[in-house]
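All remarks here apply to the structure that follows.
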């Protein structure tokens, strides 16, 4: 997805935020929405990595504590031509991973302890390369800012029910906003995240030269996530390599991740095209 589309999507979220602000308190609500958006975007730009890592009690690990993981991150960072990010491990049996940080020089890769138990070396490298691709293209910054503004839309839309206007005449549009705005914010956020996941998968294939490794990892991670969902905050679900939340129909409808089957299919098509070239 090109930069222009990202700008349009983020602008749409900001527009939704101001619309909800209008129903909450008319002109004053718009001003409040703008200020809230600015504060949240500033905070997410500078402190999103530390906030998310603390949220999951992620612990930074040394080369001695996690030699295989560090070696994978170091070698693949060199191939991706980016600085080696900090390396964290989250205590948890559900296998998953995410990257965070505002740019290449302020980035971190976090994996659960469960992922280190079920993936082989090639599969782990496929996952790490996926996360490094996110870092290289600053996807995490974009998705974090989108999530932050989307959260503000949801919050203000809830307020709109209680503060339609003094005479109560604005209750119907306020209720409509409370229902529509969160859904619209989720769809916009989903559009950003889904496209980026496909691109990061392709980036992983380019970095490792083995698209089948990530495909194999995705099979394992997707299955494990369905069997034992992770206790993840929904506002950060889009950051993980596979959706950490349980997969009921509604959750799938508004999932920030493309279906694992489609991602695997694309990766195997890349493998087939690679074999033809060779």
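Here are some notes:
- Computed E for residue 63/residue 231 - FRET, C-beta separation, R0 25 angstrom, nearest 0.05: 0.30
- Sorted by Cβ neighbour density within 10 Å, fewest at the top, the residues 220, 226, 276: 276, 226, 220
- Cβ crowding within 10 Å, taken as a proxy for footprinting-reagent exposure, orders 90, 135 from fewest neighbours to most as 90, 135.
- Virtual spin-label span in nm between residue 138 and residue 223, 7 Å along Cα→Cβ: 4.0
- What the Cβ-Cβ distance of residue 262 and residue 117 gives, at R0 = 25 Å and to the nearest 0.05, is a FRET efficiency of 0.40.
- For 131, 64, 265, the sequence from fewest to most other C-beta atoms within 10 Å is 64, 265, 131.
- Legend: calculated FRET efficiency, residue 272 to residue 81, from the Cβ-Cβ distance at R0 = 25 Å, rounded to 0.05, equals 0.40.
Rule-based calculations on the coordinates, nothing more; no lab input. Computed from a prediction, not measured in an experiment: that's the story for all the values here. Note: ideal-geometry Cβ built from the backbone for every residue, glycine included; neighbour counts use all protein chains shown.
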